[in-house]
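See below for the structure under consideration.
The values are calculated or read from the model by the stated rules, or taken from the named source; none is laboratory data. All values reported here derive from a predicted model rather than from experimental measurement. Heads up, the Cβs are rebuilt from the backbone with ideal geometry, glycines too, and the neighbour counts pull from every protein chain shown.
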Amino acid sequence: MSHLEEAELQLSELDLLSSMFPNEDEFKIIDHLALAELKDHIESCSLEVPSSKIQFMLNLELDTPDGNKVPISLSCAFPFKYPAALPEIVIRSPFISRTQQAQLNTDLITYLKTHCAGEVCILSAREWVRDHAAAYVSKDALSLSETKSSIKKSEDVFTRLWIYSHHIYNKQKRKNIIDWAKELCLSGFSMPGKPGIVCIEGPQSMCEEFWARVRRLSWQRILIRHREDISLKGTEAEMEQRKFSTFEEKVFDAHGTRGNHMDLGQLYHFLLDNRCADVFQMYFGVEGQ
């Protein structure tokens, strides 16, 4: 199978997933620049392999035998030779221990090697996870979650961090930012390029854990430009404070010699749509337009 045929199958499968799961809470492309490059590769019939892998998220909920609902995320990437090569899939859930997550991922790969080698298989992987992942759920984690809910403090602190970086280019850093935000159940967005911007919001302890992880990475410059801490009561109050429903990477018409500068006008309107346009001046020293 040629690289072009493999690329066409990848795009066809992405189109199918998009039609089956139109809600971004279920299916979301992580790197739209990589998707654009894949489409250009197909349209131009280029022999050159794209430089970036297609990455996307699939999210679902499991119903456990004891009536609990468990969120599961599949972080997926297409190797350049997919479907001749198996997809890269990492399964995560706050209710599955690290050991069980490792076993679940291993068992999924074994299933795909046996039943789906050389074929498009993301839907098969999702169905296998939906049918089998409940067996890997930690009962201790579910019990702890229920206990925390029952003794939840009357007042919690909701935090929103606006992070500034000199630049965000590195693909692994971009992936870490997205994966950690989802793992810690934070919402917000990241904007790669120069400068780089990250907004996260959620429980204070989770935001601080995210910041502790991010700042340990190697950066030319990174800092918290603005911080919001809000005392609130109950989960309903938390949802009212959230300005973003999920966490996602946003790319605003990248341009410039290296394609690393975003359209700040589009960024401003995105902030405006999400009721936080005032931070634009905090970042750039001018009012947005």
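Numbers at a glance
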read-out	value
Which numbered condition residue 252 misses (of (1) part of a loop (DSSP other than H, G, I, E, B); (2) at pLDDT below 80)	(2)
Selection status of residue 72, under 22 Å from residue 181 (Cα atoms) and not hydroxyl-bearing (Ser, Thr, Tyr)	yes
Elements of type helices (runs of 4 or more DSSP H) contained in the stretch 31-140, each with 1 or more residues being over 23 Å from residue 12 (Cα atoms) and hydroxyl-bearing (Ser, Thr, Tyr)	98-115
Test: residue in the stretch 15-22 that is acidic (Asp, Glu) and in a helix (DSSP H, G or I)	yes
Residue match in the stretch 218-225 (condition: under 19 Å from the mean Cα position of the chain (by Cα) and at pLDDT 90 or above)	no
Residue list for the stretch 226-245, restricted to those being at pLDDT 75 or above and either part of a strand (DSSP E or B) or out of contact with any Phe, Trp or Tyr (no Cβ under 9 Å at 6 or more places or on another chain) (or both)	226, 227, 228, 229, 230, 231, 232, 239, 240, 243, 245
Total residues in the stretch 184-233, condition among the small types (Gly, Ala, Ser) and within 24 Å of residue 72 (Cα to Cα)	5
Pick from the stretch 167-181, criterion under 18 Å from residue 28 (Cα atoms) and buried (at least 20 other Cβ atoms within 10 Å of the Cβ), ranking: nearest to the chain's Cα centre (by Cα)	178
Residues of the stretch 211-229 satisfying the condition of being of a type in the set (Asp, Glu) and exposed (fewer than 13 other Cβ atoms within 10 Å of the Cβ)	229
